[in-house]
Structures are given as structure tokens and as C-alpha cells.
Amino acid sequence: MLRPGYADDADLFHQPFLAILDSINFTAIRYMVFTGTNGRDPDYPGITEWADRKLSTDASQAPLSTIGKRGGACWEHVIQLANLTQTDPWINVPVSASTDYVTQLATLLQNELDPDLTIYVESSNEVWNTAPGFEQTLYNQAQAADLGITEQENHARRTVELAQVFASVFGSDALNDRIRVV
């Protein structure tokens, strides 16, 4: 199905949307909502594997878990939008992502993202927020208890872990340069 006024499916993003982004002149875009960060993780000790991610061929890129996959848009669409708009992507890695998932994500970004763009990497979103819809907080709490550390220590541990995985893919010189872990 094609949107009226579009002759084919070559344009993934609506041209007026891209024009607005261009006119605002953002230097970075946070993809938290676009990738459906909040509420995407399984209960602890469940793990999100690379095979569990949304694919560009999936029927929906909406942040609905009712179609069998959690999360919103696929990482390939994040990369395409960042490349099209020449904006630095700020990504939110699922709190439950396995080391392989993070490695594969870093590799995809290294291979497909414009090398002039900086990548901001965050562990999930608001893992301290106990409001409904922030299941990643429950995951962080349970994992911290299992490890015998505080929730804050667990979040710091995970942030360091993400930095180490991205450094293993991009090289340690990329940390705090092309790769910014927040």
C-alpha cells in the first residue's frame, strides 16, 4: 500500500517530514520513541537477542508488542534517517539486550552509518522511573538485586558494559569521540 501522491516505495520517509527536520537543523535526534524503548523488555531474567529485533521486512514498525516483536522501528530505519538528515543518532539500547545483541548493533552502525556522524549510546531510558510503562526499571531493579548491588550501581555497570562492547567494535579511540556513551 502506497500513500497517495507517491509513485513507488522508494521513499521510506515522508518528504514533508524530512523537510521539517532539515529546516529545524537538528544536530542530533534521540530515537527513544521511534524504536519503542519504554516497555519493550521482557521480565528479568529474560534476554533480548539480536534475532528478536524488529526487521525492516516486518509488517509493522510501530511500537506494538502484539505482533510478536517488541520495540518500534528497526535499527536500519534509524540509520537511514540519520544518514538522510545528517544528524547524530542518540540510541537507547534495550536494558535486556545480550552482549551479542549489542555487538551486532554496534557492527551494524559501524558498517552502515555515515562515518562522520557521532553515535550517542544510552542504556534504555529512565531506569529509575517507577511510573507505569517503564518496565525497564523493574528489570534494572531485579537484576541489581540478583547481583547484590544497588540499582544505581547496576545502571553504571551496564553503561560501562555498553561502552566496552562499542569500543570492541569501533576501537577504544572512538570512545568519547565518535561513540558517546551517556
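In this structure, L113 does not qualify as at pLDDT 95 or above, in contact with an Asp or Glu (Cβ under 7 Å, 6 or more places away or on another chain) and farther than 21 Å from G39 by Cβ. Any residue at all in segment 63-74 that's modelled with pLDDT of 95 or more and over 14 Å from the mean Cα position of the chain (by Cα)? Scanning segment 63-74, I find no residue that is modelled with pLDDT of 95 or more and over 14 Å from the mean Cα position of the chain (by Cα), so the answer is no.
Residues that are surrounded by 17 or more Cβ atoms within 10 Å (Cβ to Cβ) and without any contact (Cβ under 8 Å) to a residue 12 or more places away in the chain within segment 142-159 comprise just one, A144. Go through the residues of segment 64-85 one by one and say whether even a single one is surrounded by 19 or more Cβ atoms within 10 Å (Cβ to Cβ), β-branched (V, I, T) and touching a residue at least 60 places away in the same chain (Cβ under 8 Å). Within segment 64-85 (the criterion being surrounded by 19 or more Cβ atoms within 10 Å (Cβ to Cβ), β-branched (V, I, T) and touching a residue at least 60 places away in the same chain (Cβ under 8 Å)), the answer is yes, since at least one residue qualifies.
When restricted to residues that are among the polar types (S, T, N, Q), farther than 16 Å from T107 by Cβ and part of a helix (DSSP H, G or I), segment 140-171 contains 6.
Considering segment 87-117, and only residues there that are closer than 22 Å to H155 by Cβ and among the polar types (S, T, N, Q), the residue that is surrounded by the fewest Cβ atoms within 10 Å (Cβ to Cβ) turns out to be T99.
The values are calculated or read from the model by the stated rules, or taken from the named source; none is laboratory data. Quantities reported herein were computed from a predicted structural model and do not represent experimental measurements. Virtual Cβ from ideal backbone geometry, glycine too; neighbours counted across all protein chains shown.
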